[in-house]
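The values are calculated or read from the model by the stated rules, or taken from the named source; none is laboratory data. All values derive from a computational prediction rather than experimental measurement. Cβ sites come from the backbone with ideal geometry, for glycine too, and all protein chains shown count toward neighbours. Protein only, heavy atoms only, side chains kept; ligands, DNA and RNA dropped before computing areas. Shrake-Rupley method; radii C 1.70, N 1.55, O 1.52, S 1.80 Å.
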Amino acid sequence: MNLATFRVLVQPTSEAFFSNFLPLTTTTTRFSLRDVAKSNMFSSSPVKVSSVDRSLYWGATMPRNRHPKSSKIIGTHSGTFQADEALGVWMLRQTKTYYDSSVIRTRDMSVLDAECDIVIDVGGTYDHFKLRYDHHQRGFEERWKKPPSSDANESYSVSKLSASGLIYRHYGRDVILELCPHLDADSIDIVYEKMYDGFMEAIDAIDTGVEIAAETAFSDATGLSSRVSRLNPRWNEDTDNAAVDQRFEVASAMCGEDFTSVLERLVYGSLPARKFVEEALLGRFDVDPSGEIMAFRAGGMPWKSHLYELEKKHGIGIDGGGGDAGPSVPLVKFVLYQDQSGMWRVQAVTVEGTAFTNRLGLPELWRGLRDDELSKVSGIEGCTFCHAAGFIGGNKSKEGAVMMARTALKAPETTVNSQRNTVSKHA
């Protein structure tokens, strides 16, 4: 099959997209490991898939060509593919042991056992010692264990692990170290957990049939799992096993691109912000004696997930206290920072695990007001705005922003769900 044919078969989409991936399919070689496979057009004919050229999709900061090509072979199932095993194969190919390894896609267990050094998403066995990583078998209950928090309560992922979740459990740290060799051990642990929470868990949940919510307001077909699914042949499309295996290579590369994109932003964007968030958290009593207001030296950096984790680390908001924060220290309610225009923002901290419910909102009387009108109602000079949902406001000066946050702390306790635009008050 030539490249022009492949462009037509895969998916009606832009030339620019497939120009990034088409070279991956040109070196695929097909060979039959068993004569019986040739005699049955519906059989899972084993195909040996060559390695991929990572230079086509890796981020500029990620190292390439780190090791010689491995002679080991990765096995997975043939036929329709999902992001699960496509990502798992890609992750294994980043490690030194399986770097650039070839892949056999088949459901013939005799071939998988005889020809493959490691097998994922097929075979009905999870055994790390035997290098078998399937999750479809009866009785499989493996889940991701969340890191311990200061309240000592254990928690686990909402879904069971998929094959890629199992691969990430055992090889994820190695993958991160290969791609980001400058990270120290503590940073790798942080990134390892955040990559699961922010990327891997969704792959596990979708593959194992866990809904993101009991009810959803719309349907999303833009996620990685959906995009990988669309690379499979349509039901009425005539295609052979070799063509499907070529598409699998495209899917695996696509998974790698998403993985490295998230990892790159996490390592070079989010992780450096962590020390500034911790600095602001530990210095919050210099902003206000309540300990419920903190100020950053600069705005624009990611801070929410770091704040939740660092509050737990320092025993903040835990009943009975603990850590180095002393007993009964309240959670942070407002974060202050200066935006690119020079305005000081007052942003409410959301309740962990929610997108729109705030620990404490700005006063209801301020909402929707701007400039002089807001300054008059609040009694604070320099006010610029207060969002109608009460989750953010602004002031011309840092001192004014601090006063807005302090006033909000003294107002009747208000939590806001900006999605529903409703307010509930508590005495």
Does the stretch 220-272 hold any residues that are surrounded by fewer than 17 Cβ atoms within 10 Å (Cβ to Cβ), over 14 Å from the mean Cα position of the chain (by Cα) and within 17 Å of Met200 (Cβ to Cβ), and which are they?
Ser226, Arg227
Just to be sure before I move on: is Asp245 in contact with a strand residue (DSSP E or B) (Cβ under 6 Å, 6 or more places away or on another chain) and of a type in the set (D, E, K, R) in the structure I sent?
yes
Filter the stretch 329-350 down to the residues that are open to solvent by less than 60 Å² (accessible area, probe 1.4 Å) and among the polar types (S, T, N, Q), then identify the one that is farthest from Gly393 (Cα to Cα).
Thr350
Scope the stretch 351-383; condition crowded, with 20+ Cβ neighbours inside 10 Å and assigned to a strand (DSSP E or B); matching residues:
Asn358, Cys383
Taking into account only those residues within the stretch 198-215 that are charged (D, E, K, R) and in contact (Cβ under 8 Å) with a residue 12 or more places away in the chain, which is surrounded by the most Cβ atoms within 10 Å (Cβ to Cβ)?
Asp204
Would you check which residues across the stretch 185-244 are outside any helix (DSSP H, G or I) and of a type in the set (A, V, I, L, M) and list them?
Val210, Ile212, Ala213, Ala214, Ala217, Ala221, Leu231
Taking Ser261 and the conditions (1) touching a strand residue (DSSP E or B) at 6+ places or on another chain (Cβ under 9 Å); (2) closer than 21 Å to Val175 by Cα, which numbered condition does it fall short on, given that it satisfies the others?
(1)
Mind checking which pairs have a first residue in the stretch 239-250 that is farther than 18 Å from Ser226 by Cα and a second that is among the small types (Gly, Ala, Ser) and at pLDDT below 90, Cβ under 6 Å, 6 or more apart or different chains?
Asn241/Ser45
Mind checking whether some residue in the stretch 273-287 is touching a Cys at 6+ places or on another chain (Cβ under 8 Å) and at pLDDT 95 or above?
no
Restricting to the stretch 169-197, count the residues that are of a type in the set (Ser, Thr, Tyr) and in contact (Cβ under 8 Å) with a residue 60 or more places away in the chain.
2
Give me the residue from the stretch 384-404 that is out of contact with any Asp or Glu (no Cβ under 7 Å at 6 or more places or on another chain) and part of a strand (DSSP E or B) and, out of that set, surrounded by the most Cβ atoms within 10 Å (Cβ to Cβ).
Gly393
Can you tell me which residues in the stretch 171-184 are in contact with a helix residue (DSSP H, G or I) (Cβ under 7 Å, 6 or more places away or on another chain) and outside any helix (DSSP H, G or I)?
Cys180, Leu183
Do any residues in the stretch 301-312 that are under 13 Å from Val349 (Cα atoms) and touching a residue at least 24 places away in the same chain (Cβ under 8 Å) have Cβ atoms under 6 Å from those of residues that are open to solvent by 50 Å² or more (accessible area, probe 1.4 Å) and not in a helix (DSSP H, G or I), where the two are at least six apart or on different chains, and which pairs are they?
Tyr308/Glu352
